[in-house]
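What follows is a single structure, written as structure tokens, with notes after it.
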Amino acid sequence: MEIILLERIEKLGQMGDVVSVRPGFARNYLLPEKKALRATKANRASFENQRTQLEAANLERRSEAEAVRKKLDTKTFVIVRQASDNNQLYGSVTVRNISQAITEAGFTIDSKQVQMGTPIKTIGLHPIRIQLHPEVSVTVTVNVARSEEEATIQAEEAADKKSDSTSKESAPSQEAADTQESTEILEN
């Protein structure tokens, strides 16, 4: 089935592209969500007449999403759950739980915007992708822990590991500088 895209769809096309998709995908997702129109002559003409308005509305929504992305970037959200001694959760953390945690922190996020392959079933820090706009996404960190104190400890450990990896990267250059210095002393 041929359709006209009304917005950018990842791995499919840009706004205004006429693409061929499976009928079920068009009927069940793209058309009801108003992300596309059937590619008939009347719809093509209608789309061309409204193209500038659609592009302006898309640009406005994108700029709003960029502003939210700047605020959300590098944020960590804590979710407290019960878990066993081997760090397996009794249950799981789902898309809905993550969207609720982000909304409680003061951001308006729908559960459809949270991009996650499988539910979280272990304690720890998990990177989660949030699709704010078809062209704008951000990765936030979800800290799943048994308590607030454990969440703080996990965050500190992650920061320590990050600082250790940066210091290891700078250490070889320091060793090279020391070697350079010692060879200069020997030559003199």
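Just so it is clear, none of the values below were taken in a lab; they were calculated from the coordinates. What you see is a predicted model, and the numbers here were worked out from it, not measured in a lab. Using ideal geometry, Cβ is built from the backbone for each residue, glycine included, and neighbour counts are taken over all protein chains shown.
Here are the numbers:
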| read-out | value |
| --- | --- |
| Candidate set from the stretch 38-60 (those that are basic (Lys, Arg) and assigned to a helix (DSSP H, G or I)); member that is nearest to Gln131 (Cα to Cα) | Arg51 |
| Pick from the stretch 109-139, criterion under 22 Å from Leu6 (Cβ atoms) and of a type in the set (S, T, N, Q), ranking: farthest from the chain's Cα centre (by Cα) | Gln113 |
| Subset of the stretch 7-37 (residues that are assigned to a loop (DSSP other than H, G, I, E, B), under 11 Å from Pro134 (Cα atoms) and touching a Leu at 6+ places or on another chain (Cβ under 9 Å)) | Glu7, Gln14, Met15, Lys35 |
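Yes or no, residue by residue, for (1) surrounded by 13 or more Cβ atoms within 10 Å (Cβ to Cβ); (2) more than 30 Å from Ile153 (Cα to Cα); (3) touching a Pro at 6+ places or on another chain (Cβ under 8 Å); (4) of a type outside the set (Asp, Glu):
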residue	(1), (2), (3), (4)
Leu6	yes, yes, no, yes
Leu12	yes, yes, no, yes
Ala26	yes, yes, no, yes
Gln50	no, yes, no, yes
Gln53	no, yes, no, yes
Thr76	yes, no, no, yes
